[in-house]
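The values are calculated or read from the model by the stated rules, or taken from the named source; none is laboratory data. What you see is a predicted model, and the numbers here were worked out from it, not measured in a lab. Cβ atoms come from the backbone with ideal geometry, glycine included; neighbour counts cover every protein chain shown. Surface accessibility is based on the protein's heavy atoms, side chains included, excluding ligands, DNA and RNA. Shrake-Rupley method; radii C 1.70, N 1.55, O 1.52, S 1.80 Å.
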Amino acid sequence: MSDLINHPQKVIAKLFGYTKIDTNISINATVVYENKDNIPCKCCGHIQDSGYLDSANILISNKANHIYSYQNIKSPFFCTYCYFIQTNYQERYQKVKSTDIADIVVFEKHYEKKDFKTDSTKNDLFFIFKTPPKPPFIIMLKEQITASAIVNMAHRVKPTIDKNLIIVNYGLDQHIVDRKHTLQCLKDFIKFKTHLNKKEIKASDEVFFNRTKNTKYDFWVTPKLRNNDNFLDVYRKFLNSYNESTRFVAKIMLQTYIEQTKKEK
């Protein structure tokens, strides 16, 4: 069975330069070359072959993003792959600039940097959904929490093993979506948007896709839209047809879809 499926952290660590276990880390942590007791890693939750017995969490860095998201924080075992990824985060993931962090697709033997910007008209996620590569692969999109903090989500990633059921790892979340259904979401959005425009009803894309963290969308629409039966009818159809993950992923691809549709016409 593919390591990318069972041990994605191991593959990611090796692709970013891991070669051997670090034995000079702390006198308070015991090096484990063979995890014979099959103890799960506190970080990724997987049973990895080597690592450290770290009952007191000595090896957890204060710089590690979102420690609370570790899969099994009570475990005494910290696998060498998660430890390497955490301690080499800036050097291995950052590469040139912070905006490059983790916008990648990981395969068994290599990784590829991708453009996943939501305002891009050449968004690689759209082309992956149109013609997906042969599984298994991991789609990793960065989530920038603040100007300086970008989530290191390698310990939470899930691989795509079926090209028609794609997993988009975004920050610490996994969005599991049907490929064709997500593309249909884009088609329906354009259809609904065109219908509303003809009736001179203007609704933001964010209202439909609901993937913003901006507080102004907390009450989802303006009072004028909330009282518009034509809008409510379209809005309900859209939300009842597509769940939050599908809409989230579709929004990332929207601008590219619009541009490609224009070219095809």
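Apply 1/(1 + (r/R0)^6) to the Cβ-Cβ distance of Glu259 and Arg226, taking R0 = 25 Å, and write down the FRET efficiency to the nearest 0.05.
Values: r = 32 Å, r/R0 = 1.27.
That gives a FRET efficiency of 0.20.
Quick one: which of 186-193, 76-83, 19-26, 39-46 comes out on top by average Cβ neighbours within 10 Å, and what's the full order, highest first? Kindly include the intermediate steps, with their values, before the conclusion.
Working: 186-193: 16.6, 76-83: 26.0, 19-26: 11.2, 39-46: 22.1.
Per-residue mean Cβ counts within 10 Å order the peptides as 76-83, 39-46, 186-193, 19-26.
Tyr33 to Thr194: extension gain in nm, 0.36 nm per residue of separation minus the Cα-Cα distance?
Numbers: separation 161, 0.36 × 161 = 57.96 nm, distance 6.08 nm.
Working it through step by step, the gained length comes to 51.9 nm.
Between Lys180 and Lys113, how many nm apart are label points set 7 Å from Cα along the C-beta direction?
Each label point lies 7 Å from its Cα, and together they span 3.6 nm.
With every protein chain kept in the model, how would you rank Glu143, Glu264 by accessible area, 1.4 Å probe, largest at the top?
Numbers: Glu143 20, Glu264 135 Å².
In descending accessible area the options line up as Glu264, Glu143.
How high is the FRET efficiency between Ser61 and Asn164 when r is their beta carbon distance and R₀ equals 41 Å, given to the nearest 0.05? Each step should come with its number before you reach the end.
Details: r = 39 Å, r/R0 = 0.95.
Result of the calculation: an efficiency of 0.60.
Taking the Cβ-Cβ separation of Glu206 and Ser2 as r and a Förster radius of 41 Å, what is the calculated FRET efficiency to the nearest 0.05?
Values: r = 38 Å, r/R0 = 0.92.
For R0 = 41 Å, the calculated efficiency reads 0.60.
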